[in-house]
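First the structure, in the form of structure tokens, and then the observations on it.
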Amino acid sequence: MEKKNDRNKNTSQNKLYSDEIKEMERLSEEQEKALRERRQARKHRIKKQERRKKMIVLGSMAVVTVVVAVSAVTGIVSFVTRESRQSQVSSKKSAEKDSSEPTLTDTVKQSRSDLEVDERTPEEILADAKLLAVQYDYDKAISLLQKYSGYKENTEMQDAVKQYEEIKASCKSWPLEEVTHVFYHTLIKDPSKAFDGDYKEADYNQVMTTIDEFNKITETMYEKGYVMVSIYDMAKADADGNITEGEILLPEGKIPFVLSQDDVCYYHYMDGDGYASKLVVDENGKIRNEYIEDDGSVSVGDYDMVPLIDRFVEEHPDFSYRGAK
């Protein structure tokens, strides 16, 4: 009887031990699951922090530039803040522009740049020289006119040369260290997608610019007399790589600045956030952007800084110093 009780007792103890082992195994599995979840959450936080660090770096770079730009371009930011986001200034100015004013679009259509001087008509030569002078390249404008075989008999050309010489003589040579640098990141085409409340919104709002804001800033700078110059006009390099100072000559009231864009590429982390997807060349040889619509279709247009500046200079050639972009 005692042996039977001992067996029953042992059986009960074994069952208890078995239940305890199962409970320990269950707890162990739950702990492992919780650990895996914590690890995954930690990885997600690390990736998110890395993305935010990247945006913070971009933001710090933008802040430096904004400080420089704000000190040099008085009132631009307040102008953008006060105005609505429906930019109509540029189109209005273009409509009011004198139809006789030369534009880069005219030059492209006429395709005269590869022609010898005497292969052009006197009217074409005068128009080409006027465009060069509008972009502050007075020497080249004068040279073009004087190369024409009938220059000595053409009083209109002689008067133009005299005018360009007088304008050049009145130009100011700018101290190169005073030339302002303004840069942008990739522009936002659709603000509703960029500022949709996700974790990237604050970073976009800090360092990015919408197309509408960019157009307004560009128009305001143009109205204030700013002119894009090239770093290659500011510094010259010979065949041996020796660098010498260049010269920026501008009429009174004009202010030189260098325009650039940081990261002219389209990161996948910005997919679906209202940005263009790539740069393309259209059937007319002009730089454009592709933009992926909500339905997956692709639109082609001017959705970033490069094509927008191209279009602006076509309509306002005097915004560019000797063709600089």
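The values are calculated or read from the model by the stated rules, or taken from the named source; none is laboratory data. Fair warning: this is a prediction, and the values are worked out from it, not measured in the lab. All Cβ positions, glycine included, derive from the backbone under ideal geometry; neighbour counts span all protein chains shown.
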Just give me the residues in segment 249-267 being more than 22 Å from residue 320 (Cα to Cα) and either more than 13 Å from the chain's Cα centre (by Cα) or in a strand (DSSP E or B) (or both), in sequence order. 267
Please verify whether segment 291-303 includes one or more residues that are modelled with pLDDT of 95 or more, surrounded by fewer than 18 Cβ atoms within 10 Å (Cβ to Cβ) and within 27 Å of residue 133 (Cβ to Cβ). no
Looking only at segment 268-325, count every residue that is of a type in the set (Phe, Trp, Tyr) and assigned to a loop (DSSP other than H, G, I, E, B) and tell me the total. 3
Given (1) among the basic types (Lys, Arg); (2) surrounded by fewer than 18 Cβ atoms within 10 Å (Cβ to Cβ); (3) under 22 Å from residue 307 (Cβ atoms), identify the lone condition not met by residue 216. (2)
Pick out the one residue from 226, 164, 136, 148 that is among the aromatic types (Phe, Trp, Tyr), out of contact with any Cys (no Cβ under 6 Å at 6 or more places or on another chain) and more than 18 Å from residue 317 (Cα to Cα). 148
Within segment 181-194, identify whether any single residue is within 30 Å of residue 275 (Cα to Cα), out of contact with any helix residue (DSSP H, G or I) (no Cβ under 9 Å at 6 or more places or on another chain), surrounded by fewer than 18 Cβ atoms within 10 Å (Cβ to Cβ) and not basic (Lys, Arg), and answer yes or no. yes
Residue list for segment 251-265, filter: out of contact with any strand residue (DSSP E or B) (no Cβ under 6 Å at 6 or more places or on another chain) and surrounded by 14 or more Cβ atoms within 10 Å (Cβ to Cβ): 251
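Out of the residues in segment 195-213 that are of a type in the set (S, T, N, Q) and in a helix (DSSP H, G or I), which is surrounded by the most Cβ atoms within 10 Å (Cβ to Cβ)? Can you show your working first?
So the first thing to find is which residues in segment 195-213 are of a type in the set (S, T, N, Q), and the list is 205-206, 209-210.
Checking the rest, the ones that are also in a helix (DSSP H, G or I) come to 205-206.
Working: 205: 13, 206: 15.
Among those residues, the one meeting the criterion is 206.
Is it the case that some residue within segment 190-209 is under 29 Å from residue 165 (Cβ atoms) and charged (D, E, K, R)? Steps first, answer last, please.
Let us first name the residues in segment 190-209 that are under 29 Å from residue 165 (Cβ atoms), namely none.
No, the conditions are met nowhere in segment 190-209.
Determine which member of the set 199, 164 is over 21 Å from residue 234 (Cα atoms) and modelled with pLDDT under 95. Write out each step before concluding.
Working: 164 fails: modelled with pLDDT under 95.
Only one candidate passes the filter, namely 199.
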Only residues that are of a type in the set (A, V, I, L, M, F, W, C) and either surrounded by fewer than 21 Cβ atoms within 10 Å (Cβ to Cβ) or under 22 Å from residue 226 (Cβ atoms) (or both): list them for segment 127-140, please. 127, 131, 132, 133, 134
